[in-house]
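This report concerns only the one structure given below.
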Amino acid sequence: MSQLVLDKLKERFGTAILETHSQVGDDTALVDAASWKAVSLFLRQDPALDFDLPVDLCGVDYPTRVPRMEVVMHLYSTSRRHRIRLKARVGDEDMEGAEIDSVTSIWPGMDWLEREVYDMSGVRFRGHPDLRRILMYPEFEGHPLQRTYAAERTQPLVPYRTEEEAGMPLRKIEPFGPEEGMPFGRVPPPHPEDN
Amino acid sequence: MEPLDVELEAGELELPADPMHLNLGPSHPAMHGTVRIVLELSGETIVRSDVQIGYLHRGFEKMCERGTWTQVFPYVDRLNYISPMLNNVGYALAVEKLCGLVVPERCQWYRMALGELARLSDHLTCNGAMAMELGAFTPFLWFVKAREMIWDILEEETGARLTHSFGRIGGMASPPTQDFKGLCRAALPPILELVEEGERMLLKNRIFIDRLENVGAISGPDAVGLGWTGPCLRATGVAYDIRKVHPYLKYDEVDFDVPVGTKGDTLDRFLVRLGEIRQSKRILEQVLDRMPDTGPVNCDDPAVVLPDKLDVYTTIEATIQHFKLIMEGAKIPKGEVYSYTEGGNGELGYYLVSDGSGTPYRVRIRPPCFQITGGLSKILEGRMLSDIVPTFGSLNMIGGECDH
Amino acid sequence: MGNMTAPNAASGTDARTRLTMEGNEQGFATTRVDALLGWARKYSLFAYPFVTACCGMEFMALTSPRFDLARFGAEAPRFSPRQSDLLWVVGTISQRQAPVLKRIYEQMMEPKWVFAFGTCASTGGFYDNYATVPGIDKVIPTDIYVPGCPPRPEAVLDGLMLLQDKIARNVRTPGVVKPRFDPAHSVEELVQLRRSARDSRELLPTLKEREARAGELDERHEGKIA
């Protein structure tokens, strides 16, 4: 259905499109991070493509691979009714250089999505009007959806009450130790290679 | 008595000219629990607003990486918690798309029926809550009474009123009960009666219409650029309903219309939801007529579906299969998929990344009301403070979905 | 539809009679005043619904006519902490929301009670991660914990009745849940589900028939007819 889109992209951008695939019918193009904005602008403005609805933007962390963080954008065209997924890879193993252009000027809806990707995955968007945390509080340190962030590490804003203050036991059951519990809940599983 | 300012001439009195900052805090009756809007007001007019969400962020995506594929269902329920079956069905469809599974016909009709019941519940709650926040408490109680009838059916089918966790990869947790069709057919007329009573009470009320008309209007192209989908987008005139444009399950075999508004204001959103209630009823009636009464509900695939309990207790193959599915999870093929359905608020999308094991590598939900709430500060510009209440109510921001 | 139990006033009466009969150092008149205050407070709770998540839907169902909260006197929601005395914490409290909750609690005036509605408010639920407070008692003192995800409204009403008992006896310490009278043991069918396409009004004659038949059966048993 949208093989046309992938063909037009490859024709226009050539080597900037690193790879494409259509697994289970979803057309995907892996784009060089430097041409992110140019590709987005083309997709928006070309009359045969006309991607006007910004569907989603998210980050997927592959910490065993460099570049580590993959920024995934989904787009839809209400007039042509086709979809595309664009991906770009940024950031080395310590998330240095995890920066990519912001596309908020092309689709205003990307404003909050980019803030969320910054908040959760740590990717900075160059040119974003107001890049600050959206789901977590400003005092939070770290980016929770990176696989190196431990899920149980809390950073409470209000210090927890002590048992003397409460006058009754507050922790009734001890949490699981490192060897207890279901196997998949213990440590992050080994990461897949490049797809 | 003489007036106090009789000696003053106009312009002599210095009035402060800085805009006032007002905090519509996270704990506010009209903020659906968890949104904070920091307003800059000039008198009653909103100059700028900063909508701050995230007060209900529960780390859903991180939790999904620490379980199996089936253990995601309870988390997914609690996203749009007023229409949990739609979330369940959407996620199940996403995993099945990646596996290449197609569920049996009876299951497809069953999923449609439960989904439409959930959509009814969603729209009833949204409209009822919006009316209540404007002071009309009675229609809210009537709509909640209608919602209770739906929840009775869902409780009979799934065991829970609200967060069912009823979907499974490759089918449903259990087949429909014997009385399912009878219960649905018996419940629909009283529900529509209550909706009509509520409508009669609200739509003839001059004050209600005045508070909703031309408030919070947005144009079609603006809404599309913001990423809006669902009833809020259809109220602006763009007829994008995934059930019609990209049909899934058996939506291409049932007959229904898509209510579309004209101006994209709050009244249009209210009316579109009322229209969708009627269309959902229409779909539900057709589904109940066409759903087969016998036949399997789950797929045949032993790699993802739990075997029958009798077999588990008597044969060794079924025991091993059961054990592997529970302890390690269903092994979904490696790859990524983006699957979308029409949720209560719009395009509910799931982007799944699988590494071939029983644990999801990444589950990303595309929450429809995240984008919609992102447009709130744009449609509030220039409106008055009291316009926030109906506008925000009409967007149907569900905290669990928006903050996932 | 359905027979819902009336609020169990047995606890209140027991407390009152116990206090008046035993008496203590405070004296007869003060004890009666305490009992009166406890009675007045428990049946006129002004609620602050601190609603965040899915449990809020069950809270809405609770205030609706079917599971009527008004008959317990606890219906009036006051969205100002200055005017309320029962803080319903309904739904998950995230780390970001915790300072807000603490501030609301501190703004309320004594006497005040806190009701943890649902598992997320009691223990953090199954969100054992960086974003959730594992139970509001880590942040504010709590009186009643009602588990459930979300709890059925009947469970919440049960918790509310326990809270009313605590208010009447003016105790703040953890209490043992006393044995409750279960109406399911006495009545045949508590909830009549609409099981067929017939109108619910048509079910009434069937119910009456059934009662009449049950009455006949009783008579036969009494007459010891085999």
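Filter the range A:1-13 for residues that are crowded, with 16+ Cβ neighbours inside 10 Å and touching a strand residue (DSSP E or B) at 6+ places or on another chain (Cβ under 7 Å); which is nearest to A:ARG83 (Cα to Cα)?
Among those that are crowded, with 16+ Cβ neighbours inside 10 Å and touching a strand residue (DSSP E or B) at 6+ places or on another chain (Cβ under 7 Å), it is A:SER2.
Please verify whether C:ALA155 is closer than 16 Å to C:PHE50 by Cβ, at pLDDT below 95, part of a helix (DSSP H, G or I) and within 20 Å of the chain's Cα centre (by Cα), treating the condition exactly as stated. Spelling it out, it is not the case that C:ALA155 is closer than 16 Å to C:PHE50 by Cβ, at pLDDT below 95, part of a helix (DSSP H, G or I) and within 20 Å of the chain's Cα centre (by Cα).
Set side by side, the residues B:GLY335, B:GLY349 differ, and just one is closer than 26 Å to B:ARG58 by Cβ and modelled with pLDDT of 90 or more, which is B:GLY349. Take the conditions of a type in the set (A, V, I, L, M, F, W, C), touching a residue at least 40 places away in the same chain (Cβ under 8 Å) and away from chain B (no Cβ under 13 Å) and apply them to A:MET110. Does it pass? When the stated conditions are applied, A:MET110 does not pass them.
I'd like to check something: does the range A:39-50 contain any residue that is hydrophobic (A, V, I, L, M, F, W, C), within 9 Å of chain B (Cβ to nearest Cβ) and without any contact (Cβ under 8 Å) to a residue 60 or more places away in the chain?
no
Test B:LEU284 against the criterion of being touching a residue at least 40 places away in the same chain (Cβ under 8 Å), outside any loop (DSSP other than H, G, I, E, B), within 29 Å of the chain's Cα centre (by Cα) and away from chain A (no Cβ under 13 Å), and give yes or no. Spelling it out, B:LEU284 is indeed touching a residue at least 40 places away in the same chain (Cβ under 8 Å), outside any loop (DSSP other than H, G, I, E, B), within 29 Å of the chain's Cα centre (by Cα) and away from chain A (no Cβ under 13 Å). Of the listed requirements (1) surrounded by 18 or more Cβ atoms within 10 Å (Cβ to Cβ); (2) over 22 Å from A:GLY25 (Cα atoms); (3) basic (Lys, Arg), A:ARG83 misses just one: (2).
Please find, among B:LEU348, B:LEU385, B:LEU310, B:LEU325, the residue that is more than 9 Å from chain A (Cβ to nearest Cβ) and either β-branched (Val, Ile, Thr) or surrounded by 23 or more Cβ atoms within 10 Å (Cβ to Cβ) (or both). Answer to the selection: B:LEU348.
Sort out which residues of the range B:94-112 are closer than 22 Å to B:PRO368 by Cβ and in contact with a helix residue (DSSP H, G or I) (Cβ under 8 Å, 6 or more places away or on another chain), and write them in order of number.
Within the range B:94-112, B:LYS97, B:LEU98, B:ARG111, B:MET112 meet the criteria.
Within the range B:295-313, the set of residues being without any contact (Cβ under 8 Å) to a residue 60 or more places away in the chain and either part of a helix (DSSP H, G or I) or among the β-branched types (Val, Ile, Thr) (or both) comprises B:LYS309, B:LEU310, B:ASP311, B:VAL312, B:TYR313. Exactly one residue out of A:ASP61, A:ASP92 is within 11 Å of chain B (Cβ to nearest Cβ) and farther than 30 Å from B:VAL238 by Cα: that is A:ASP61.
Residues in the range B:134-163 that are under 21 Å from B:LEU79 (Cβ atoms) and more than 11 Å from chain C (Cβ to nearest Cβ): B:ILE150, B:LEU154, B:GLU157, B:THR158, B:GLY159.
Counting only residues that are farther than 21 Å from B:GLY225 by Cβ and either buried (at least 17 other Cβ atoms within 10 Å of the Cβ) or within 18 Å of the chain's Cα centre (by Cα) (or both), how many does the range A:14-60 have? Number satisfying all stated conditions: 15. Just checking, does the range A:115-126 include any residue being more than 15 Å from the chain's Cα centre (by Cα), within 27 Å of C:LEU101 (Cα to Cα) and within 14 Å of chain B (Cβ to nearest Cβ)? Scanning the range A:115-126, I find no residue that is more than 15 Å from the chain's Cα centre (by Cα), within 27 Å of C:LEU101 (Cα to Cα) and within 14 Å of chain B (Cβ to nearest Cβ), so the answer is no. Kindly establish whether B:ALA131 is aliphatic (A, V, I, L, M) and either farther than 26 Å from B:MET397 by Cα or facing chain C (nearest Cβ under 10 Å) (or both). No.
How about the range B:244-257: which of its residues are surrounded by 16 or more Cβ atoms within 10 Å (Cβ to Cβ) and in contact with a Phe, Trp or Tyr (Cβ under 9 Å, 6 or more places away or on another chain)? First the steps, then the outcome.
Within the range B:244-257, the first condition is being surrounded by 16 or more Cβ atoms within 10 Å (Cβ to Cβ), and the residues that meet it are B:246, B:248-251, B:254, B:256.
Across the range B:244-257, the qualifying residues are B:HIS246, B:TYR248, B:LEU249, B:LYS250.
When the range C:132-162 is limited to residues that are among the aliphatic types (A, V, I, L, M), farther than 16 Å from A:LEU170 by Cβ and within 14 Å of chain B (Cβ to nearest Cβ), the one that is surrounded by the fewest Cβ atoms within 10 Å (Cβ to Cβ) turns out to be C:ALA155.
Remark: pairs (first residue in the range A:116-140, of a type in the set (Asp, Glu); second residue part of a loop (DSSP other than H, G, I, E, B) and surrounded by fewer than 17 Cβ atoms within 10 Å (Cβ to Cβ); Cβ separation under 6 Å; 6+ apart in sequence or on different chains) are absent.
Quick grid of which residues meet (1) within 11 Å of chain B (Cβ to nearest Cβ); (2) in contact with a helix residue (DSSP H, G or I) (Cβ under 8 Å, 6 or more places away or on another chain); (3) in a loop (DSSP other than H, G, I, E, B):
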site	(1), (2), (3)
C:ARG66	yes, yes, no
C:LYS102	no, no, no
C:SER122	no, yes, no
C:GLY125	yes, yes, yes
C:TYR130	yes, yes, yes
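Could you tell me which of the residues B:GLY170, B:GLY159 is over 22 Å from the mean Cα position of the chain (by Cα), on the phi > 0 side of the Ramachandran plot and of a type outside the set (Lys, Arg)?
Every option except B:GLY170 fails the conditions.
Residues that are in a loop (DSSP other than H, G, I, E, B) and either buried (at least 23 other Cβ atoms within 10 Å of the Cβ) or basic (Lys, Arg) (or both) within the range C:70-83 comprise C:ALA74, C:ARG78, listed in sequence order.
The values are calculated or read from the model by the stated rules, or taken from the named source; none is laboratory data. This one's a predicted model, so the numbers in the text were calculated from it and none came from an experiment. Cβ: placed from backbone, ideal geometry, glycine included. Neighbour counts: every protein chain shown.
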